[in-house]
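K.L.:
To start, I am sharing the structure in question, which I have written as structure tokens.
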There are 2 protein chains.
Amino acid sequence: MRVEGNGLTRIDDPADPRIAEFRDIKERDLAGRQGRFIIEGTVVLRMATAAHGAGAFAVEKILLLENRVDGVQDILAGVPEDVPVYVASSAVLDAIAGFHLHRGILALGRRVAEPELDALIDRLPERALVVAACGISNHDNIGAMFRNAAAFGADAVLLDETCCDPLYRKALRVSVGSVLSVPYARGGSILSLLERLAERGLSIWGLSPAGTADLREIPPEAGGIALVTGTEGEGLPRVIMSRFSTARISQRPGLDSLNAGMATGIALYEIARIQQKI
Amino acid sequence: MRVEGNGLTRIDDPADPRIAEFRDIKERDLAGRQGRFIIEGTVVLRMATAAHGAGAFAVEKILLLENRVDGVQDILAGVPEDVPVYVASSAVLDAIAGFHLHRGILALGRRVAEPELDALIDRLPERALVVAACGISNHDNIGAMFRNAAAFGADAVLLDETCCDPLYRKALRVSVGSVLSVPYARGGSILSLLERLAERGLSIWGLSPAGTADLREIPPEAGGIALVTGTEGEGLPRVIMSRFSTARISQRPGLDSLNAGMATGIALYEIARIQQKI
């Protein structure tokens, strides 16, 4: 058990350099800076410490509101002793973060190793379910994709080079930590990513209101299925729509397309059922 | 066609009282103040002017970035002549709004008549599809519910007294204006709302990870179906879970429940198919 003076260090000065990474966290985002990212809340901290053990991500330091310490002792028990845990009063914590942090739980994470696309694709199981995203820069949508990928048992998320980093604070929070549990890779063109998956034997299905098949008609391909989502405004590039199969989600005519995160969630739900994953 | 000096008034002073409602719109929210609300963007303005004609909502004034005027002349053509349309430079507009308003389209709306629950329920068609929300205070989730209610042909949305106002700026924006097109009522306890629907002959289905039926097993009841969503943390109150039928959305075991907006979207998609609405 961590107690003050023994594994727990009190911070009284918001300008203390030991907690510099948590300063004004709304105003800047660490994502992309040497793979570091901000963890918020009990659930995501728990997932991050589990991921720490698995080797893909590390927890570098933790900053807690003083009255939250007791409630997370079970999580702290899984944190290596050399990871510093800081504690602060509500006034000091709010001054550090730059806003009222009612959750009272912050941590600094680091991606230990950039995920390797080749290794990720090699590890895909039979009847894999993969999400591939093209140009999704909205943090809510990226977060929702990971949360739903976890909920419906997707084996991987692939983000093309024009997607935002899923370790952005808001994306990670919206994913409820699933960015740390669902294998993913980011980079390259959407066409190159999809061609790699097709070579591996997956059937590629672009999601679009103009898709030729109804989502529910997609057969449970033995080689697995990759669902491709584009942005709400632009949709998928023409080269993707013409090169691969396309499916639509039934909806009332004459309306805007669904939100990109919602469309991906419904497609994952439907395909996970077709594949008998849920 | 509205041109400057003829139906179009230039604003040069950000403190001009004629556009006071648009000042610092991020910092305050008009919703609930005499039924007034802020409209942003072309799509929502178009829906608001259509709703203006239908009598449920009125557009009171419009404020445009000068270079956006030409692009919305078709919308302005549908706006009554006594609705003032103001135009401003980018610098003045940003100073009014309090942030960089890249869409460049703002309007002030007003709910003309508070929707009447009785009238709304009386107007429900055969095989109605209704969403009932309990305690949803997150603007994103409320907005998503309306957007999906529109996409999947729901006939009404009922919000209990603990839900937030769907006319909040962010909720309306996330709904892509569907708050102005999908009939809704807000107020009363969730139990009283559901009992009214049950009296009207609708089958009530509470959505919960602990639901007894799989969502897909819900029969296409002749009297219609009401789907009930609670908050992610608390779920539905026990009195609702025990009083009505409950259904679950299949997902992988051992994970958090789905986001409330996402769960409602998937349920609407599934039931709209069962009811052959899509």
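K.L.:
If contacts are Cα pairs under 8 angstrom and at least 6 residues apart, what is the relative contact order of segment A:192-278 in percent?
P.N.:
Rounded, it is 36 percent for segment A:192-278.
K.L.:
Here's a follow-up. Under the rule a/c < 1.5 gives rounded, and otherwise a/b versus b/c splits prolate from oblate, where does segment B:156-197 land using the Cα gyration tensor?
P.N.:
Oblate is the answer for segment B:156-197, as a/c is 1.5 or above yet b/c matches or exceeds a/b.
K.L.:
Still on this model: Between the label point of A:Val43 and that of the same position in each other copy, find the distances and list them shortest first in nm, with every label point placed 7 Å from Cα along the Cα-to-C-beta direction.
P.N.:
Spelled out, the distances from A:Val43's label point are 2.6 nm.
K.L.:
What are the label-to-label distances in nm, one decimal and shortest first, from A:Ala54 to the same spot in the other copies, with labels 7 Å along Cα to Cβ?
P.N.:
Relative to the other copies, A:Ala54 has label-point distances of 4.6 nm.
K.L.:
Another question, then. Cα convex hull of segment B:9-61: how many Å³ per residue?
P.N.:
Enclosed volume per residue, from the Cα hull, is 104 Å³.
K.L.:
Now for a different question. Any idea what the relative contact order of segment A:117-274 is, in percent, if you count C-alpha pairs under 8 Å spaced at least 6 apart?
P.N.:
29 percent
K.L.:
Rounded to the nearest 100 Å², what is the buried accessible area between B and A, both sides summed, probe 1.4 Å?
P.N.:
Interface area, both chains combined: 2600 Å², rounded to the nearest 100.
K.L.:
Assume the label is 7 Å from Cα along Cα to beta carbon: what separations in nm does A:Pro17 have to the matching positions in the other copies?
P.N.:
In ascending order, 5.6 nm.
K.L.:
Considering protein heavy atoms only and a 1.4 Å probe radius, which residues within segment B:224-253 exhibit an accessible-area decrease of no less than 40 Å² in the full assembly relative to the chain by itself?
P.N.:
Buried on complex formation: B:Ser250, B:Arg252.
K.L.:
Just need the relative contact order of chain A here, percent rounded to a whole number, with Cα pairs under 8 Å and 6+ apart.
P.N.:
19 percent
K.L.:
Here's something else I'd like to know. Does any residue of segment A:133-156 lose at least 50 Å² of accessible area with all protein chains in place compared with its chain alone, and if so which ones (probe 1.4 Å)?
P.N.:
Residues losing area: A:Arg147, A:Ala151.
K.L.:
For the protein assembly as shown, with all protein chains present and a 1.4 Å probe, just round the carbon and sulfur fraction of the accessible area to a whole percent.
P.N.:
48 percent
K.L.:
So what's the back-of-envelope 222 nm ellipticity for chain A, counting only DSSP H runs of four-plus at -39500 (n - 2.57) apiece and dividing by all residues, rounded to 500?
P.N.:
One gets -8000 deg cm²/dmol as the mean residue ellipticity at 222 nm.
K.L.:
Roughly how many nanometres apart are two label points built 7 Å out from the Cα toward the Cβ at B:Glu114 and B:Val239?
P.N.:
2.1 nm
K.L.:
What accessible area per residue, rounded to a whole number of Å², is obtained for the protein assembly as shown using a probe radius of 1.4 Å?
P.N.:
I get 41 Å² per residue for this part.
K.L.:
Relative to 2.2 N^0.38 Å, what does the C-alpha radius of gyration of chain B come to as a ratio? Two decimals please. Mind dumping the intermediate values first?
P.N.:
Values: Rg = 20.6 Å, N = 278, 2.2 N^0.38 = 18.7 Å.
Rounded to two decimals, the normalised Rg is 1.10.
K.L.:
If I build a Gaussian network model for chain B, linking alpha-carbon pairs within less than 10 angstrom, which residue out of B:Pro209, B:Pro253, B:Pro219 has the largest mean-square fluctuation?
P.N.:
Comparing B:Pro209, B:Pro253, B:Pro219 in the GNM, the peak value goes to B:Pro253.
K.L.:
With the cut-off at 1.5 for a/c, could you classify segment B:1-157 from its C-alpha gyration tensor as rounded, prolate or oblate? Each step should come with its number before you reach the end.
P.N.:
Details: a/c = 2.26, a/b = 1.76, b/c = 1.29.
Prolate, because a/c is 1.5 or more and a/b exceeds b/c.
K.L.:
Next question. Can you give me the span-like helices of chain A, meaning DSSP H runs with 15 Å or more of Cα extent along the axis and Kyte-Doolittle mean at or above -1.0? Write out the running numbers ahead of the final one.
P.N.:
On the way: long enough: A:42-54 (18 Å, 0.91); A:139-151 (18 Å, -0.17); A:260-274 (21 Å, 1.04).
The qualifying helices are A:42-54, A:139-151, A:260-274.
K.L.:
Could I ask something else about it? Among B:Glu199, B:Glu114, B:Glu126, determine the one that fluctuates most according to a GNM of chain B built with springs between C-alpha atoms less than 10 Å apart.
P.N.:
Highest fluctuation among the options: B:Glu199.
K.L.:
Give the shape of the protein assembly as shown as rounded, prolate or oblate, defined through the alpha-carbon gyration tensor: a ≥ b ≥ c are the square roots of its eigenvalues, a/c under 1.5 means rounded, and otherwise the shape is prolate if a/b is larger than b/c and oblate if not. Let's see the in-between values first.
P.N.:
Values: a/c = 1.44, a/b = 1.20, b/c = 1.20.
Rounded is the answer for the protein assembly as shown, as its axis ratio a/c remains below 1.5.
K.L.:
Separation of segment B:43-83 and segment B:202-278 by C-alpha centroid, Å?
P.N.:
37 Å
K.L.:
For B:Val3 and B:Arg33, calculate 0.36 nm times their separation in residues minus their Cα-Cα distance, and state this gained length in nm to one decimal.
P.N.:
Once the chain is fully extended between B:Val3 and B:Arg33, it gains 7.7 nm.
The values are calculated or read from the model by the stated rules, or taken from the named source; none is laboratory data. All of these numbers come straight from a predicted model, not from anything done at the bench. We place every Cβ from the backbone using ideal geometry, glycine too, and count neighbours over all the protein chains shown. Ligands, DNA and RNA are excluded from the accessible area calculation, which covers all protein heavy atoms including side chains. Shrake-Rupley method; radii C 1.70, N 1.55, O 1.52, S 1.80 Å.
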